[in-house]
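Visitor: Before I ask anything, let me first share the structure, which is written out below as structure tokens.
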Amino acid sequence: MDIQLQFLMARNRGVPLLGIITPDPAATVSWIHLQVSNELPIVQWDSARGLLGVNNAAGSILMGLANVETLAGLKDLTLDSVNALDVVMKLPEQSVAIFLNLPSHWHHPEVSQAVWNCRDPFKSDRRTLVILAPDICPPQILHYDLVIFEEPRPTDEEIVVISRELLDSGGLPSADEATEKRICETMRGLPAFSVEQSIALSLDGRGVQYDVLWEHKKRQVENTDGLRFHIGGMTLDQMGGIRQVKRFMEDLMHGPEEIQVFVYVEEIEKMFAGASSDHANDGGVAKDALQTTLTKMEENKWTGMVCVGPPGSGKSLFSTCVAATYGRPRIEFDMGATRTALVGASEHSVRACFRMIESIAGKHAYWIATCNKYQTLPPELKRRFTDGIWYFGMPDEEELESIWAIQRANFSIPESDVSPSGIRYTGADVRNICRTAYRLRTTLRDAAQYIVPVSISDPGAINALEEAAHGRFLSASYPGTYDHKRPGAVVLAESPAKPRIRAMGNLGG
């Protein structure tokens, strides 16, 4: 139902306390003003200006209600939200009082109590207290009394209307259907005002510049604590090995289910550490985050995969390469960045993250998470990742050959430079050896003497991972479950050789 119609229905039925989740409070105040008769007072409060009259009917009575003689006196008195709520209690019947970002003050119990005190008086004479904020999570005292609506972000059709008006006003030719589709994909999830500003700033004599649009989108997403936005980067062609999981993603992306955004979570088990404990040190934040994640994934039918493997096996890089390969944005979700000392603020931030993901992707987000301690993942969370747990193991000889070829090309190392053998290397080990050889202008075998592979630095951890994954996790490299007895790279010990530096001329002495 249209948000403005919802507001009118609530007003007509005498709802006293309304909350509207909105990314653009100024625009919301404007349409509320249009929906209310000019003969009825409309006042507005924020923590910087105090109480103000939105229309003439309110401006003439506010100072009298506050018992002050000047606008400066009104501001001084009503900067405090509790004082402001005391003043609006004196408004005449059918008035509207709009409070901006009041939830940021709810950690003070006297504020939520003052809001609740308005309930019965406002209901009796059909006044309305409207709370506007990007996110609203009411305290317990208001849990059953505050009716909350959410203002939707512009639809694709509305984004097209905005872009057409801007192109027309700029004297630019109309965009074709394919261009309008790209504009919608880029701007989807942003508030109408941000869409308008972003498109306007991206226009030049040739039309819309998409790199500018993406940069504005990135900034808007990253204004949400806990989210990072990425577009482009390495593709799967630049990543050796993991043949089976690449094949799975290719089939998935060409299947009937559309994926608009990849959501990446690093070490997902850390997000919910303590969620299973009744005495969690984080005050229940982890429990709330887990419940919110489970609920949102179920409501939106989101799914995904969990990637497990030793350090350097490519499980983190995989999510970046997948998104870039198929031209989709990648949103990195870091719940640790949502934690604050304010009571309730962390929960609000987590919900804001999900609201942003929903607004951009709708029901078309795909989650890729890495995990080092999969045993600690709650079973109900594992069930949400219906595409399974994938094991990114040590590459076999064929995979290593492709990884060496890619990294040789990246660092301009000739094929005649023989790669070291006899050690189980990860893809990251190979990259580091090639990079060292490039930087030191030495051979690959000599550069390898400066690298300690993870198979040598922590063989016990790798063996434990492989045994745990055996027959339980899908293999990222070949069909079926991971088999730790399947032949891989030969494990032999090479005698360290003294590094031989390529000739570089007379360096002086």
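Visitor: Placing one identical point scatterer on every Cα of the chain and ignoring solvent, what is log10 I(q)/I(0) from the Debye formula at q = 0.06, 0.07, 0.10 Å⁻¹?
Guide: -0.41, -0.54, -0.92
Visitor: Only helical DSSP H runs with n ≥ 4 go in: add -39500 (n - 2.57) per run for the chain, normalise by residue count and round the 222 nm mean residue ellipticity to 500 deg cm²/dmol.
Guide: After summing the helix terms and dividing by the residues of the chain, the value is -12500 deg cm²/dmol.
Visitor: Quick check on the chain: of the DSSP beta bridges with both residues there, what percent are antiparallel, nearest 5%?
Guide: Around 25 percent antiparallel, to the nearest 5.
Visitor: Straight distance only, please: which aspartates and glutamates reach the Cα of K90 with their own Cα at less than 16 Å, same-chain residues fewer than 8 apart left out?
Guide: D120, D125
Visitor: If you count only protein heavy atoms and use a 1.4 Å probe, how large is the accessible surface of S104, to the nearest 10 Å²?
Guide: For S104, the solvent-accessible surface is approximately 70 Å².
Visitor: Ignoring ligands, DNA and RNA, please state the percent of accessible area on the chain from carbon and sulfur, probe 1.4 Å.
Guide: With neighbouring chains kept in place, the figure for the chain is 51 percent.
Visitor: Going down the list K181/K301; K287/K485; K217/K287, which pairs span over 29 Å between their C-alpha atoms?
Guide: Beyond 29 Å between Cα atoms: K287/K485; K217/K287.
Visitor: Students often forget the sequence filter, so: which aspartates and glutamates lie under 13 Å Cα-Cα from K75 once same-chain residues fewer than 8 apart are removed?
Guide: By straight Cα distance, K75 reaches D46.
Visitor: Past 18 Å, Cα to Cα: identify those pairs from K246/K382; K218/K363; K270/K373, in the order given.
Guide: With Cα atoms farther than 18 Å apart: K246/K382; K218/K363.
Visitor: Then there is this: With +1 on the Cβ of every Lys and Arg and -1 on the Cβ of every Asp and Glu, and nothing else charged, how large is the dipole of the chain about its Cα centre, in debye rounded to the nearest 20?
Guide: That gives a dipole near 1160 debye.
Visitor: Compute, for R119, the solvent-accessible surface of its heavy atoms (probe 1.4 Å) with the complete set of protein chains present, and express it in square angstrom to the nearest 10.
Guide: R119 exposes around 60 Å² with every protein chain in place.
Visitor: Okay, next question. So how do 80-93, 249-262, 174-187, 386-399 stack up, highest first, on mean other-Cβ count within 10 Å?
Guide: 386-399, 80-93, 174-187, 249-262
Visitor: Here's another thing I want to ask about it. Tell me, what is the per residue accessible area of the chain in Å², probe radius 1.4 Å?
Guide: Per-residue accessible area for the chain comes out at 49 Å².
Visitor: Let me ask something else. Is segment 7-87 best put as rounded, prolate or oblate by its Cα gyration tensor, with a ≥ b ≥ c the root eigenvalues, rounded for a/c under 1.5, and otherwise prolate when a/b is larger than b/c, oblate when not?
Guide: Because a/c hits 1.5 or more and a/b exceeds b/c, segment 7-87 counts as prolate.
Visitor: What ranking of H348, H107 comes out by heavy-atom accessible area, probe 1.4 Å, highest first?
Guide: H107, H348
The values are calculated or read from the model by the stated rules, or taken from the named source; none is laboratory data. What you see is a predicted model, and the numbers here were worked out from it, not measured in a lab. Don't worry about glycine lacking a Cβ; one is built from the backbone with ideal geometry, like all the others, and counts go over all protein chains shown. The protein model used for the area step is the full one, side chains on, heavy atoms only, and it has no ligands, DNA or RNA in it. Shrake-Rupley method; radii C 1.70, N 1.55, O 1.52, S 1.80 Å.
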